[in-house]
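The numbers here are math on the coordinates, done by the rules we state, and not lab data. The structure displayed is predicted, hence computed values, not measured ones. Positions of Cβ are backbone-derived with ideal geometry, glycine not excepted, and every protein chain shown enters the neighbour counts.
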Amino acid sequence: MTAGRGAEGEQLFWNLADDLLEDPAVTRSTMMGYPCLRADGAFFACVERNTGHLIVKLPAARVTELIMRGQALPFAPNGRVFREWAALPKPDNDEWTAILEEGRSFATGR
């Protein structure tokens, strides 16, 4: 993956995060060294700076579905797969907007 893709993904992440951060329940944080977002204190999304992948917390079955459709990759830092986290490799405004909302809802139970 090129550095350009990483920068493109990170820029899109923060552009979308700006809208989410208007909600006082959503805050910036870090998770395993990745810049991330929390909702009501629960992690729900981050961006992998090297690749620009959007990493989102979703139900395990939804992660499997996204992987099977070719829309996501397993999130496996250091070789350990996190079954409730999906890595979306292609920066796409509409797709990422929807999946961020889905992740926020899952993390907060709302």
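Using Cα pairs under 8 angstrom and six or more residues apart, how large is the relative contact order of the stretch 3-108, in percent?
That works out to 26 percent.
Report the charge-dipole magnitude of the stretch 32-96 in Debye, nearest 20, computed about the Cα centre from +1 at each Lys and Arg Cβ and -1 at each Asp and Glu Cβ.
I would put it at about 220 debye.
Using only the Cα atoms of the stretch 3-108, what do you get for the radius of gyration and for Dmax, in Å?
When restricted to the Cα atoms of the stretch 3-108, Rg and Dmax are 12.4, 35 Å.
Hey, what number do you get for the chain at 222 nm if only DSSP H runs of n ≥ 4 count, each worth -39500 (n - 2.57), divided across all residues, to the nearest 500?
Value at 222 nm, helices only, nearest 500: -12500 deg cm²/dmol.
Multiply the residue gap between Met31 and Gln11 by 0.36 nm, knock off their C-alpha separation, and tell me the result in nm, one decimal place.
Separation in residues times 0.36 nm, less the Cα-Cα distance, equals 5.4 nm.
Just add up the charged neighbours of Pro59: K/R +1, D/E -1, any other residue whose Cβ is under 11 Å from the Cβ of Pro59.
Local net charge: 0.
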